Every structure is written in C-alpha cells, then in structure tokens.
1. Any chance you could count the Lys pairs in chain A whose alpha carbons are under 19 Å apart, treating pairs 8 or more apart or on different chains as valid?
2. Could you tell me which of A:A85, A:I15, A:A59 has its Cα farthest along the dipole of the range A:3-96 towards the positive end, charges placed at Cβ (Lys, Arg +1; Asp, Glu -1), taken about the Cα centre?
3. Could you work out the mean count of beta carbons from other protein chains within 10 Å of each residue's beta carbon in A:46-55?
4. Mind ordering B:64-74, A:78-88 by average Cβ neighbours within 10 Å, highest first?
5. Based on alpha-carbon centroids, what's the gap between the range B:64-87 and the range A:35-95 in Å, whole number please?
6. Which residue, chosen from A:C33, A:S50, A:L94, occupies the Cα position most advanced towards the positive end of the dipole of the range A:14-98, where the dipole is computed from +1 (Lys, Arg) and -1 (Asp, Glu) charges on Cβ about the Cα centre?
7. Rank these by accessible area, largest first, 1.4 Å probe: A:Y90, A:Y68, A:Y61.
8. If you put +1 on each Lys and Arg Cβ and -1 on each Asp and Glu Cβ, how big is the dipole of the range A:3-96 around its Cα centre, in Debye rounded to 20?
Amino acid sequence: MNEQLRTIAGLDRVIHEPGRLMIVSYLAGVEECDFLFLMRQTEMSKGNLSSHLSRLEKAGYVEIEKTYRGKVPMTLLRLSPAGEAAFKKYLRDLDSVR
Amino acid sequence: MVMNDDLSNSLDQPKGGDAGIGEIFVGVMSLGFALKGWLDSIWVDGFGGMLLMLAILLPAWGIGYWASRAILKYVIWPRAGYFVPISDSRKRTGIAVAGRVRTRLTLITVLILTAVSAAVVACLAVFVKRPSAVNYPLEGILGTFMFACLVAAYAFWFVFNGRREYPWKWLVLVFLVLGFLVIGLPVRMDYLAVWPRIALFNGVMWLGSGLATLLSYVRHAKPSTVEMG
C-alpha cells in the first residue's frame, strides 16, 4: 500500500463522517456555541445532531456543558484540545493526499 | 487551508450585521453627534464644548451599546443560537484562516481610506489658512469628513457583506451619498453648521435602515420553541 492510501485508510473516522465534520468545522471557528446555533447552521435535526455530539463527546473531541441563560436551559458546546488537535491532523492528512 | 466562504460567512451573521445592530448603533451615535453639533451652535464653545461632547456622546454610546446587547439577547440568540467568536489569540484551522484573509483585506482598505482621508484633510487645512478662503473651521471640516468616511465604510461593508441579503439597501446607500452631496458639499457654506445636518440625516437613515432590517429579521426568523440538547 502506498503512503497516500495508508494516510486515507488512517483518516480519523470519528471526524470523517460528513455530519460530524460539519460540527467540528463549526466548533473550530468559535470559542463556544449553543445547541441551537449548531442546529441552525448545520440544518440537522435535533436527534441527529444530539447523536453526533454524543459520539464526538465520547471520543473526547467535544466538551458539552448543560447550563441556563436566565431560566432557559442551554447546552454549551466547545471543541476540546484533543478535538482541536484531531481536526488539525485530519486537515493535514487530507492536504497530504490531495 | 481556507474553508468554504459560505461556512465562514455564516459564522459572522449572528453577530448582528444581518439584523441591523451595526446600523442602529451607528445611527444612534450619529444622532448624538447631531445633537451635540446643534447644542454647540446655540450654547458653548471651548472647554464647555468638550464637556458637552462627553455628556451627549457617552449616553449615546451607552444607548447604542445596550440596545445592541438587548437585540442580541432577546432577538438574535433565541432565533439563530448563541456563539462566541474565536479570539485572535486562539485562531485555529480553516475557518480562522478564512477570517484572517478577510481581516487583512479590511485592514488594507481602512489603511488606504485613512491615508486618503489624511491627504484630503491636509489639503483642506492648507486651504483654510489662505486669506482669500471662505470660512471653513477645522472642526466643521473634520466633522463633515468623518461622516464622509463613515459613508465610505458603510459602502464597503454593504458591497462585501450586505448586498446579497438586503438588496434594498442599495437605495439606502444611494440616499446616503446623495444626501451627503446635497447637504455637505455646497460651495461657501459654513461647515460648522453643515456637519450636524449631515449627522442628523445619516443618523436617521442608518437608524431607519437598521430598524427595518431588524423588523425583517424578526418577521422571517422565528424563535426556537423546543428545549435544546
């Protein structure tokens, strides 16, 4: 197997899925955001977004904080340092196989 | 690596540019300037003028700032969601790079505008000192010039960011430029009296445009009713 194919085979599958890639891309551009912002931007359903976020949280790529703004429940999301590093590596890997 | 422009642009939208916050803020400040200019003409000069400026512009800034915060909190965040843009010190990956490219373009444009502005002001200052010149006090020239720069900055913002979503703002821009030319550039007029009129006209235009944008945003974007997450 040549080097490029090996890189493709080694792409981070957690990030590589289009829905999660969209989420990570948005989170990479903000300090933090809430669930609604991400839902509006990605146009995913609530269930779909929740499930992708759970997967990313399980991988340690996303930090999820349940809080309140006034009396309104709010779910704050941010990319963890591990998620940031994984996303950078993913982009580097993609660049190297172009 | 630079991300898709739409992705990058969409991160800018909820900051307020799409709901008229910026225009409302500048409109309120312009009206503050207009009030200050008008009071100047009937009341004080010198040190008293400085105090008057603080007494009017600080509350105007406060009103603009708190109005912006309130619109964000009660109008935009419940509809578009809440986010904190990434800080310069922590810029990362693709989207941040796209943002940096735009920031550089904006900085270069502002630098060019500032250089041109400085040259024009310098020429006018020389003109003021000529004995045969009509009375163009420097404060009046600077005030008028400041609003010329604001209109130029608005045109720049509109061409690069606003024209797709709100095509009717071409009219606002045309009216701003025409209003500026009609009020601000008649030969042999007293600039000290002219710039408050420009401030009033621009303030009303920006406030009106900002409120219309906000109303349009409220009509088209409905707040979320589901508990999130």
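1. Numbers: A:K46/A:K58; A:K46/A:K66; A:K58/A:K66; A:K58/A:K88; A:K58/A:K89.
Total qualifying Lys-Lys pairs in chain A comes to 5.
2. A:A59
3. Working: counts 5, 0, 0, 2, 2, 0, 0, 1, 0, 0.
For this peptide, the per-residue mean of nearby foreign Cβ atoms is 1.
4. Details: B:64-74: 15.2, A:78-88: 17.7.
Peptide ranking by packing, descending: A:78-88, B:64-74.
5. Rounded to whole Å, the Cα centres lie 20 Å apart.
6. Value: A:S50.
7. On the way: A:Y90 5, A:Y68 155, A:Y61 35 Å².
Sorted descending by solvent-accessible area, the residues read A:Y68, A:Y61, A:Y90.
8. Details: 14 positive and 13 negative charges, 58 e Å.
Using Cβ point charges on Lys, Arg, Asp and Glu, the range A:3-96 gives about 280 debye.
The values are calculated or read from the model by the stated rules, or taken from the named source; none is laboratory data. Everything numeric in this text was worked out from a predicted model, so none of it was measured. Cβ: placed from backbone, ideal geometry, glycine included. Neighbour counts: every protein chain shown. Side chains included, ligands, DNA and RNA excluded: accessible areas come from the protein's heavy atoms. Shrake-Rupley method; radii C 1.70, N 1.55, O 1.52, S 1.80 Å.
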